[in-house]
1. What's the number of the only condition in (1) open to solvent by 40 Å² or more (accessible area, probe 1.4 Å); (2) over 27 Å from N201 (Cβ atoms) that E25 fails to meet?
2. Considering only the range 357-370, state which residues are open to solvent by 10 Å² or more (accessible area, probe 1.4 Å) and under 14 Å from Y322 (Cβ atoms).
3. Count, please, the residues in the range 15-54 that happen to be away from the ligand (no atom under 14 Å from the Cβ), hydrophobic (A, V, I, L, M, F, W, C) and either within 14 Å of I4 (Cα to Cα) or over 19 Å from the mean Cα position of the chain (by Cα) (or both).
4. When you go through A276, A280 one by one, which is the residue that is open to solvent by 40 Å² or more (accessible area, probe 1.4 Å), in contact with a strand residue (DSSP E or B) (Cβ under 9 Å, 6 or more places away or on another chain) and in a helix (DSSP H, G or I)?
5. State which residue is nearest to L159 (Cα to Cα) when the search covers only the range 224-246 and only residues that are more than 16 Å from the ligand (Cβ to nearest atom) and among the aromatic types (F, W, Y).
6. Being open to solvent by less than 10 Å² (accessible area, probe 1.4 Å) and hydrophobic (A, V, I, L, M, F, W, C), is that true of even one residue in the range 183-194?
7. Would you please list the contacts, defined by Cβ atoms under 6 Å and residues six or more apart or on different chains, that run from a residue in the range 322-334 that is more than 15 Å from A304 (Cα to Cα) to a residue that is modelled with pLDDT of 95 or more and open to solvent by 30 Å² or more (accessible area, probe 1.4 Å)?
8. Considering only residues that are away from the ligand (no atom under 16 Å from the Cβ) and under 25 Å from T8 (Cα atoms), which ones fall in the range 77-103?
Amino acid sequence: MHCIRKITEDFYWVGANDRRLALFENLFPIPKGVSYNSYLLLDEKTVLFDTVDAAVGRQFLENIQAVLNGRSLDYLVIHHMEPDHCALISDLLLRYPDLKLIGSAKTFPMLQQFHGSLDLKNRTVTVKEGDTFSCGRHTLSFLMAPMVHWPEVMMTYDLTEKRLFSADAFGTFGALNGRIFNDEMDFDRDYLEDARRYYTNIVGKYGVQVQNVLKKAAALDIRMLCPLHGPIWRNNLQYILEKYDIWSKYEPETSGVLIVYGSMYGNTENLANVLASLLAESGVTHIAMHDVSTSHVSELIADAFRYSHIVLASPTYNGGIYPAMASYLEDMKALNVQNRTVAVLGNGTWAPTSTKQITEKLQSMKHMTLLTEDFSIKSTLQETQMEELHAICRKISDSIRS
Ligand code: FEO
């Protein structure tokens, strides 16, 4: 049975939810599922905006067939060529012989890469920044959004209804559960964490490019944001635009401390716990703690984007950094985590070098302020080091208050 939502008189959500997929991109846990949004406009021409992932293809095809109700499909606008939105393109080309594809100059070579040798003769319309396209009552204009987060990405602005099709931007993990509009749900309570985790891990590297898109968006009168994942925004758009502005500028959302520790036998964990208690006693109220071995790295990245201060505590392992912590640091660098105030706490039983090596990694990231020089314990935290730990705590709490 088709499962659709009407958005306005001639405009429908025809996407689908996947709650079976364990790992998005085979990387990111999605215990609450994910939605693949697709939209269908019934104007003088029928226009579909993006397709969906292959896993929900059958539902999607039923949906568009039901909304078309006997009409043919005239155009498909392709905003992004990642397979979670493009899996059904070749099926649609077969089902609808008059279908034409609208995309950017970089779209169609990618389409051939993913779908093999399609015969696209007379079936493509290549658009560039500022081009317009009339569907009848609706006029669409196209904005290029390169590297948000792939090079071919574009967005479409419906001049008639003032809605922006924003590709992956403003999307989130989390299935929609029947509700498709932000005003039908408590986004802050139920989706914000997943939205942050989605943005920071998937688009986080490309803050400059997101800023460029936000500048383009600021010049438009947008009444509705239609992303490829998560809810459609039809009120309080400022909320999600402001989140994107903060995240893409690498500014912290929360004044507080993220503590990430690696611990083989609990001794580095004890060090992290003692520091956390000292921070709480000194009045720091926002403290998040993660065991680097058990929290998924996507959560660690999301919290690195969220908090103003980061404490990394790690044993030395094989003369290097504890592997899970080393991997986290690689991810931080790859995703451009920057502009944070950081303290490093090391551990080692005979040759502690993790502090020095973590510090070097952090110094290779942009605008990181180090509050510690070479603090390390030997196997366990000793009473003789408490004064130094108190001093580190004061530096962090003073820095938060400043
Ligand atoms: Fe949702 Fe970049 O694909």
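The values are calculated or read from the model by the stated rules, or taken from the named source; none is laboratory data. This one's a predicted model, so the numbers in the text were calculated from it and none came from an experiment. A quick note on method: Cβ atoms are made from the backbone with ideal geometry, for glycine too, and the neighbour counts reach across all protein chains shown. Only protein heavy atoms, including side chains, enter the accessible area calculation; ligands, DNA and RNA are left aside. Shrake-Rupley method; radii C 1.70, N 1.55, O 1.52, S 1.80 Å.
1. Result: E25 passes all but (2).
2. First, pick out the residues of the range 357-370 that are open to solvent by 10 Å² or more (accessible area, probe 1.4 Å): 357, 359-361, 363-370.
Q357, K361, listed by residue number.
3. 5
4. Working: A276 fails: open to solvent by 40 Å² or more (accessible area, probe 1.4 Å).
None of the other options fit; the residue is A280.
5. My answer is W233.
6. There is no residue in the range 183-194 that is open to solvent by less than 10 Å² (accessible area, probe 1.4 Å) and hydrophobic (A, V, I, L, M, F, W, C).
7. Going by the 6 Å Cβ cut-off, the qualifying pairs are A324/S293.
8. Applying the first criterion (away from the ligand (no atom under 16 Å from the Cβ)) to the range 77-103 yields 90-102.
Within the range 77-103, L92, Y96, L99, K100, L101, I102 qualify.
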